[in-house]
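The numbers here are math on the coordinates, done by the rules we state, and not lab data. This is a predicted model, so every value here is computed, not measured. Every residue, glycine among them, receives a Cβ derived from its backbone with ideal geometry; neighbour counts consider all protein chains shown.
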Amino acid sequence: MSDLANPGKRLLLVAACALVDADGRVLLAQRPPGKQLAGLWEFPGGKVEPGETPEQCIIRELHEEIGIETDIPCLAPLTFASHSYDDFHLLMPLFVCRRFRGIAQPREGQALKWVRPKQMRDYPMPPADAPLIPFLIDLL
């Protein structure tokens, strides 16, 4: 069934960040057991809260999830994903961040891994995240 036949599908706005280290690797986080899409690797980020911009969401989520601090001018928009899941439609801007403070630490039971963009396809990702890989390969 097409989305046009199901106009009541909820739109979910999620912001994600490709955190890039000095060696050109990108941080991936593995969704912990018990969460939807558990075991899949994704870019850090999360749901944009009411009254929050995607950039503010990234700053909050990086701090909460992995203990990283950054600032809005350090977030560069790269591309976005638009993907229909069974019960909602996801819209996810992807930002790139090369300037940040701190060392990534898993704060929510997730595994973390720094990965070269060309190796990202070796990590199973949610359907909305995987199509973003070519943009990072071209950039880095």
Within segment 71-109, what residues put their amide N at less than 19 Å from the label point 7 Å along the Cα-to-Cβ vector of Leu37? 78-97, 107-109
Under a 10 Å cutoff between Cα atoms, tell me which one of Gly24, Gly45, Gly102 has the largest fluctuation in the Gaussian network model of the chain. Gly102
Step through the residues of segment 122-137 one at a time and calculate ³J(HN,Hα) from phi using the Karplus curve (6.51 cos²θ - 1.76 cosθ + 1.60, θ = phi - 60°), rounding each to whole Hz and writing x for Gly and Pro. 6, 10, x, 10, x, x, 6, 7, 3, x, 7, 4, x, 5, 6, 4
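Run lengths n ≥ 4 of DSSP H only: what is the helix-derived mean residue ellipticity at 222 nm for the chain, with -39500 (n - 2.57) per run over all residues, to the nearest 500? Mind showing how you got there, number by number?
Working: 2 runs with 20 residues, N = 140.
Calculated mean residue ellipticity at 222 nm is -4000 deg cm²/dmol.
Relative contact order (percent) for the chain, with alpha-carbon contacts under 8 angstrom and 6 or more residues of separation? Present the calculation step by step, with values, prior to reporting the outcome.
Numbers: 264 pairs, mean separation 42.6, N = 140.
In percent, rounded to a whole number, it is 30.
Which percent, nearest 5, of DSSP beta bridges in segment 17-140 are antiparallel? Display every interim value, and only then the final one.
On the way: 18 of 21 bridges.
About 85 percent, rounded to the nearest 5.
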Whole-Å distance linking the alpha carbon centroid of segment 62-140 with that of segment 18-50 is 5 Å
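If you count, for each residue, the other Cβ atoms within 10 Å and average over each peptide, how do 32-40, 84-92, 121-129 line up from highest to lowest?
On the way: 32-40: 11.6, 84-92: 14.4, 121-129: 16.3.
Ranking the peptides 32-40, 84-92, 121-129 by packing returns 121-129, 84-92, 32-40.
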Counting other beta carbons within 10 Å of each Cβ, put Cys17, Cys74 in order, fewest first. Cys74, Cys17
Choice from Ile68, Ile103, Ile58 with maximal GNM fluctuation in the chain (Cα, 10 Å cutoff): Ile103
Relative to the longest principal axis of the C-alpha atoms of the chain, give the angle of the C-alpha long axis of helix 54-66, reported between 0 and 90° and rounded to the nearest 10°. 60 degrees
Which residue, Leu78, Leu19, Leu11, has the most motion in a Gaussian network model of the chain that connects Cα atoms within less than 10 Å? Leu11
